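Data block below; observations after.
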Amino acid sequence: MKTFKEEYETQIEPYLKQIDIFLKTKKPPYSISQTAELLHISQSEIKRIMAKENVTTIDQKTFFTIMKNGSSTVCHVFARELYCGIPKYYTAENISYIYNLDISTVLQASQQIGLNKFTPDIIKTLFHFIPIP
């Protein structure tokens, strides 16, 4: 049975790590093509977001503005986490919302491991107990 942990480790986590390394090692301004590649959205989507948000150059601050408004999975996860306020402890409800998972599945997984609050370090353990079709 495939779990959300596998999906997270292949479809979300590597992209977050790439973004982190890029922002820590590259000096702004960043190109539209670099940003599009990192966020897995088109250059035209970047341009639309930049126009809508009155962004003229992409630096570390505006990169996150674009990310918050992007349409890819990694952008959605980021925007939802921001909406939750990047909590110190995550509830099943937070996790369900941030990762777009069925709440009953997340609650069931949290019961299996006997926790109702999760630190960022423990979330991947929870993901191991969340089956996906």
| remark: If unit charges are put on Cβ atoms (+1 for Lys and Arg, -1 for Asp and Glu) and the dipole of the chain is taken about its Cα centre, the option from P133, P28, S72 lying farthest towards the positive end turns out to be P28
| query | At a 1.4 Å probe, what is the % contribution of carbon and sulfur to the accessible area of the chain? | reply | 52 percent
| Hey, if you put +1 on the Cβ of every Lys and Arg and -1 on every Asp and Glu Cβ in region 45-109, which of P87, Q60, L107 ends up farthest toward the positive end of that dipole? | Q60
| message | Can you give me the long-range amide H partners of Y90? Hydrogens built in the peptide plane at 1.01 Å from N, cutoff under 5 Å, separation of 5 or more residues or another chain. | response | F118, T119
| Per-residue ellipticity at 222 nm for the chain, helices alone: DSSP H runs ≥ 4 residues times -39500 (n - 2.57), over residue total, nearest 500 deg cm²/dmol? | -19500 deg cm²/dmol
| How do Y8, Y15 rank by accessible surface area computed with a 1.4 Å probe, from largest to smallest? | Y15, Y8
| query | If exposed trypsin sites (Lys or Arg not before Pro) are those in a DSSP loop with at most 14 other Cβ within 10 Å, what is the longest stretch of the chain that has none? | reply | 27-87
| request: For region 45-73 and region 103-126, write down the distance between their C-alpha centroids in whole Å. | output: 32 Å
| remark: With +1 on the Cβ of every Lys and Arg and -1 on the Cβ of every Asp and Glu, the dipole magnitude of region 4-133 about its Cα centre, in debye rounded to the nearest 20, is 460 debye
| said: So if I restrict to the alpha-carbon atoms in region 68-126, what is the Rg, and what is Dmax, the biggest pairwise distance, in Å? | reply: 11.5, 35
| remark: Rounded to the nearest whole number, the Stokes-Einstein translational diffusion coefficient of the chain at 37 °C and 0.692 mPa s (Kirkwood radius, C-alpha pairs) in µm²/s is 207 µm²/s
| Among rounded, prolate and oblate, which fits region 28-70 when a ≥ b ≥ c are the square roots of the eigenvalues of its C-alpha gyration tensor, a/c under 1.5 means rounded, and a/b larger than b/c means prolate? | rounded
| Residue separation times 0.36 nm, minus the C-alpha to C-alpha distance between A51 and T25: what's the value? | 6.7 nm
| request: Using a 1.4 angstrom probe, figure out how much accessible area region 1-109 has per residue, in square angstrom, rounded to the nearest whole. | output: 59 Å²
| field | Cα-based Lys pair tally, the chain, threshold under 18 Å, eight or more apart or on separate chains | value | 18
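The values are calculated or read from the model by the stated rules, or taken from the named source; none is laboratory data. A quick note: this is a predicted structure, and the numbers were derived from the prediction, not measured. Positions of Cβ are generated from backbone atoms using ideal geometry, with glycine treated the same way; all protein chains shown enter the neighbour counts. To get the accessible areas, we keep the full protein, side chains included, count just its heavy atoms, and leave off ligands, DNA and RNA. Shrake-Rupley method; radii C 1.70, N 1.55, O 1.52, S 1.80 Å.
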